[in-house]
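Below is one structure; the comments refer to it alone.
The values are calculated or read from the model by the stated rules, or taken from the named source; none is laboratory data. The model shown is predicted, which means the values in this text are computed figures rather than measured ones. Because the Cβ atoms are built from the backbone with ideal geometry, glycine has one as well, and the counts that use them run over all protein chains shown.
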Amino acid sequence: MTSRAPPVDKARIIRDAGGNAYLEGGDGAVSAAGLNGVLALAIASAPTGITVADPSLPDCPLVFINPAFTQLTGYPPEEVLGRNCRFLQGRGTEKESVRALRLAIAGGKPITLEFTNHRRDGRRFVNELRMAPVMDEKGQLVAYIGIQHDVTARKRAEREAIKARRAAERANQEKSDFLAFMSHEVRTPLHGVMGTLALLLDTALDAEQRAYAETAQRCGATLLHTVNELLDLSRIEAGKLGIHSDPFSLADIVKDVLDLLAPAAAEKGIELSASLDHLLPGQLVGDPSRIRQVLINLTDNAVKFTHRGSVELRIAALPDGHVGFAVTDTGIGIPPKLRQSLFTRFAQADPAGEQIGSGLGLAICKRLVALMGGQIAVDSTPGRGSTFFFDLPLAHVPESGTPPPRIAPQPVVVQPLAGAHGRILLAEDGKANQLVAAAILRKAGYTVELARDGAEAAAAAESSDYDLILMDIRMPLMDGYAATRAIRAVPGPRGRVPIIAMTASVMPGDSERCTAAGMDGHLAKPLGKVELLAAVQRVLDARPRRPRVPIPEAEPGATAPLLDRETLEELRAAVGPGRLPRLISVFTAETKERVRRMHAMTDPVRIEDEAHSLKAAAATFGAIALRDAARALEDACQGGQPEEWRRILDLLPGLADRSIAAFPLARAEVRAKQDREQKGR
């Protein structure tokens with residue numbers, strides 16, 4: 001009669017006088033040899049090592065192992081049974097794991113842990129041990145059962161994954177460092193290039209020279225656009241470009257896009273317009289800057305590849321609650337084979353092969369739309385036009401009205417008033433950028449003083465009154481953040497002077513860091529002339545409570561200096577060694593000729609134009625008295641004061657001669673001429 005195997009939860013191990021092991025259950029004692037049924041076959045066939053240890057024997061030895069344990073460790077049963085399992089331990093076995101195992105055995109508690117064991121041939125493996133106590137029906141501990149898995153391959157994969165993740169983190173950090181380098185070290189000299197070209201185009205140039213300068217300016221703008229696209233794409237791929245959620249006016253965004261691209265469309269004779277669904281609210285909730293970026297990119301492409309006809313921006317409320325945006329043009333269209341790779345990086349879908357742009361714009365659009373929870377697609381017919389459309393899940397702002405049904409571009413050109421007044425401190429350590437920004441501001445009529453590092457800027461702000469401080473961020477000795485905090489700590493009105501950051505860094509969080517330091521705004525280099533003057537004008541116009549600081553040279557009884565040597569030294573440093581004498585010679589010749597022409601004129605409009613040019617040139621070269629006289633002459637012509645402009649015009653030749661004579665080069669030439677005359681006698 002075959003014995004029935006006892007239930008495991010009611011079994012316990014007993015031994016006879018000969019040391020033979022038995023399992024005892026509810027039906028009496030059954031020899032282990034009698035377990036040739038299903039249970040014995042299951043244990044023998046298990047792919048994981050199974051052991052049983054007897055705590056009633058000295059040192060809790062192993063009294064049972066299955067074949068998988070032998071295969072796992074390489075130890076045959078005769079070398080295992082009767083021994084404590086610690087023989088698997090050795091050099092490299094984690095002491096913390098061994099300690100945890102001993103505590104679990106001492107407390108009669110189950111435990112799962114991973115630690116290093118050794119095979120019979122000395123090779124190491126990582127053993128995942130699941131050990132549990134076996135209790136009899138009285139709750140007495142009778143055995144420990146252990147299940148072992150070789151997880152060496154898994155642990156190796158985990159280590160490789162950790163290694164790969166760390167390498168990826170290092171790569172991301174290197175990418176971030178590269179982004180910071182690109183944003184500052186590339187944009188900073190580009191700021192100087194673009195600003196210098198803007199100043200050059202403000203001077204008298206012949207047709208050939210102007211064409212060259214305008215070509216360089218367009219190339220610089222293209223380079224800046226490409227740098228910005230690379231930075232955006234890198235930030236997106238690094239997961240460092242955040243999407244904000246703020247209420248915004250839909251009509252304002254559309255008008256911004258149309259106003260920006262209206263000049264390009266008008267130049268090609270293209271009609272540019274927008275239509276908005278009456279079911280849309282006046283305001284939505286989303287990221288206005290990123291939506292504007294996508295619309296500008298799509299509309300710019302439409303204008304670029306449309307040679308006649310129209311470009312229309314349409315926005316509608318979709319049935320699923322999303323907002324749909326579409327940019328439709330009557331341009332050259334896109335062939336089907338090019339549409340397949342249209343939204344990938346560096347792909348350019350110009351069938352004419354003109355290779356316009358970097359091929360990044362549409363890839364950035366796709367990623368931005370995806371980050372905002374939408375999708376983008378294109379429908380196009382070659383020769384008839386294209387429609388780019390995307391949808392976004394934008395919440396409606398209740399009771400915000402409705403947008404206008406049609407919007408047409410109304411370009412607004414910012415024209416700073418001639419003779420603008422205000423005292424500005426420019427904190428900038430780059431010589432070229434000093435020259436560009438100072439020249440732009442001085443030509444507009446502002447008084448500009450320079451600080452070459454943050455410490456100098458903080459000291460100047462504490463000791464003098466300024467209407468505005470333009471603060472570079474990366475400067476020696478003390479950076480812009482520290483300088484701003486130092487200025488904000490100054491008591492009284494001087495500590496509340498408006499401060500605008502001028503920095504080539506456009507990394508995420510830069511604007512927030514500027515605000516946290518106490519700055520009132522953030523301008524990214526490179527800056528165009530109109531953009532810089534508009535920012536300055538906005539700040540000065542927004543401060544009606546504090547009287548404007550008087551310009552030093554306008555104090556009663558004070559005489560403006562003929563020459564500002566600091567401005568001249570700035571110009572010398574900016575243009576490089578040996579070049580200033582030639583520039584001064586050109587300036588003096590042009591000034592003499594301009595004054596001669598003005599004296600022969602009777603039309604105040606023509607005199608005003610010449611006076612404006614003289615004012616700008618004199619400001620660039622630091623001829624302060626001549627600059628002020630030209631400004632007064634310009635104001636008198638504008639104000640219809642013939643007696644006053646005639647009086648200034650009569651005094652102008654003598655002042656111009658004295659100003660020219662004040663230049664060191666001019667004095668040296670006079671002395672040389674006198675020496676030659678003396679030798680001739």
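Across segment 66-119, what is the number of residues that are more than 21 Å from VAL142 (Cα to Cα) and either over 58 Å from the mean Cα position of the chain (by Cα) or outside the structural domain of ILE145 (by TED's automatic domain parsing) (or both)?
9
In segment 550-607, how many are assigned to a loop (DSSP other than H, G, I, E, B) and at pLDDT 70 or above?
Matching residues across segment 550-607 total 8.
Would you be able to tell me the number of residues in segment 136-162 that are hydrophobic (A, V, I, L, M, F, W, C) and surrounded by 15 or more Cβ atoms within 10 Å (Cβ to Cβ)?
Qualifying residue count for the region: 5.
Which residue out of ALA265, ALA204, ALA302, ALA251 is at pLDDT 75 or above, of a type in the set (Gly, Ala, Ser) and surrounded by fewer than 18 Cβ atoms within 10 Å (Cβ to Cβ)?
One residue alone meets the criteria, ALA204.
Hey, any hits in segment 620-632 for a residue that's free of Cβ contacts under 8 Å to residues at least 60 places away in the same chain, surrounded by fewer than 21 Cβ atoms within 10 Å (Cβ to Cβ) and either in a helix (DSSP H, G or I) or under 45 Å from the mean Cα position of the chain (by Cα) (or both)?
Checking segment 620-632: at least one residue is free of Cβ contacts under 8 Å to residues at least 60 places away in the same chain, surrounded by fewer than 21 Cβ atoms within 10 Å (Cβ to Cβ) and either in a helix (DSSP H, G or I) or under 45 Å from the mean Cα position of the chain (by Cα) (or both).
In this structure, is ASP391 farther than 24 Å from HIS278 by Cα and at pLDDT 90 or above?
Judged against the criteria, ASP391 is not a match.
So, PRO76, is that one surrounded by fewer than 17 Cβ atoms within 10 Å (Cβ to Cβ), modelled with pLDDT of 90 or more and either under 24 Å from LEU101 (Cα atoms) or not small (Gly, Ala, Ser) (or both) or not?
Yes: the conditions hold for PRO76.
Please find, within segment 442-481, the residue that is nearest to GLY622 (Cα to Cα) out of those that are touching an Asp or Glu at 6+ places or on another chain (Cβ under 9 Å) and of a type in the set (Phe, Trp, Tyr).
TYR446
If you take the residues of segment 284-299 that are modelled with pLDDT of 90 or more, touching a helix residue (DSSP H, G or I) at 6+ places or on another chain (Cβ under 9 Å) and surrounded by 21 or more Cβ atoms within 10 Å (Cβ to Cβ), which of them is farthest from ARG367 (Cα to Cα)?
Once the filter is applied, the top-ranked residue is LEU284.
Among THR306, THR299, which is hydroxyl-bearing (Ser, Thr, Tyr), assigned by TED's automatic domain parsing to the domain that holds ASP259, assigned to a loop (DSSP other than H, G, I, E, B) and in contact with a strand residue (DSSP E or B) (Cβ under 6 Å, 6 or more places away or on another chain)?
Criteria check complete, one pass: THR306.
Return the pair list, or none, for Cβ contacts closer than 6 Å from residues in segment 314-328 that are touching a residue at least 60 places away in the same chain (Cβ under 8 Å) to residues that are assigned to a loop (DSSP other than H, G, I, E, B), at least 6 apart or on different chains.
Cβ pairs passing all conditions: HIS322/PRO393; VAL323/LEU394; GLY324/LEU318.
Just name the residue that is nearest to VAL586 (Cα to Cα) out of those in segment 633-662 that are of a type in the set (S, T, N, Q) and surrounded by fewer than 23 Cβ atoms within 10 Å (Cβ to Cβ).
If we take residues in segment 633-662 being of a type in the set (S, T, N, Q) and surrounded by fewer than 23 Cβ atoms within 10 Å (Cβ to Cβ), then GLN638 is nearest to VAL586 (Cα to Cα).
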